[in-house]
């Protein structure tokens, strides 16, 4: 993989201490509202932890403290003065430690995610996604990702066959890869504002032998001109709001837009905003694995 030939990235942990009763709520807020934590968080007792590149540490700390200040004003048991940075394991050690926790996972009736260091033989109609998450990106097992995969599964089960797919905020590339593997005639444009994400998507697409059908790009959604039969956006609520006009424009007439990365109380208000912009609501779906997360599926026309 390309990343293995490059110098390893140095990482730091951003640590947010939380009153014990509020840990789950604050972890969800961090994942939803703090851009540098979009890849996911880890709960360690009464602390919530996420990782950023050392070069981004100062900005990430300021971002975290600003967010914690807002949440404290709303009554959360957090203190911006206690948010801190700590050295993280070197990436090579993290990768070895990660292998203890990231195992083969069935995410839908057909989609099975397999770590790049594991071996798995597909059965029947299973769609296997071989994934190396990298330090900065998740494993695909988060509820918000599962929700998008469930919606892809539903489309496929209803014999919907989009020829072109747009994945906005592609991260590890799991959604792009799942889509083109489920629809072998389809091609995908995967965009992100982080080159590390595009590198991860490129690497994982190569592992899955679909690199020729996934085009990775730093081009913002608003700068694209093509309209797609299927648009996927698993990102935070405030980013979805900022991208509303672009996401609606990128959804082709008759096409489907799937939004995720939403805390359940955010989902219906976001759905209403997209409906007001001209889309038709198909459903708001709460995760059966973790009901604090929901997705929104809409159609154009």
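The numbers here are math on the coordinates, done by the rules we state, and not lab data. Computed from a prediction, not measured in an experiment: that's the story for all the values here. When we count neighbours, we look across all protein chains shown, and the Cβ atoms used for this are built from the backbone with ideal geometry, even at glycine.
The table that follows gives values for the structure above.
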{"item": "Between the stretch 143-203 and the stretch 204-219, the Cα center-to-center distance that results, in Å", "result": "10"}
{"item": "Sites residue 275 and residue 87, calculated FRET efficiency, Cβ-Cβ separation with R0 35 Å, nearest 0.05", "result": "0.15"}
{"item": "Cα-based radius of gyration of the chain once divided by 2.2 N^0.38 Å, which approximates compact folds", "result": "0.97"}
{"item": "FRET E, pair residue 24, residue 66, Förster distance 30 Å, beta-carbon r, rounded to 0.05", "result": "0.90"}
{"item": "Protection proxy ranking of 184-190, 212-218, 72-78, 199-205 - average other beta-carbon atoms within 10 Å, highest first", "result": "199-205, 184-190, 212-218, 72-78"}
{"item": "Cα-based convex hull volume of the stretch 185-301 per residue, rounded to whole Å³", "result": "120"}
{"item": "Gain in span if fully extended, residue 219 to residue 119, counting 0.36 nm per residue against the direct Cα distance", "result": "32.5 nm"}
{"item": "For 54, 297, order by how many other beta-carbon atoms lie within 10 Å, fewest first", "result": "54, 297"}
{"item": "The chain - mean residue ellipticity at 222 nm from DSSP helices (-39,500 (n - 2.57) per run, n ≥ 4, rounded to 500)", "result": "-10000 deg cm²/dmol"}
{"item": "Rg followed by Dmax, in Å, when the stretch 2-89 is reduced to its Cα trace", "result": "13.3, 47"}
{"item": "Order of 260, 294 under a 10 Å beta carbon neighbour criterion, fewest first", "result": "294, 260"}
{"item": "Measure of compaction for the stretch 222-277 (Cα Rg per 2.2 N^0.38 Å)", "result": "1.06"}
{"item": "Sorted by Cβ neighbour density within 10 Å, fewest at the top, the residues 50, 120", "result": "120, 50"}
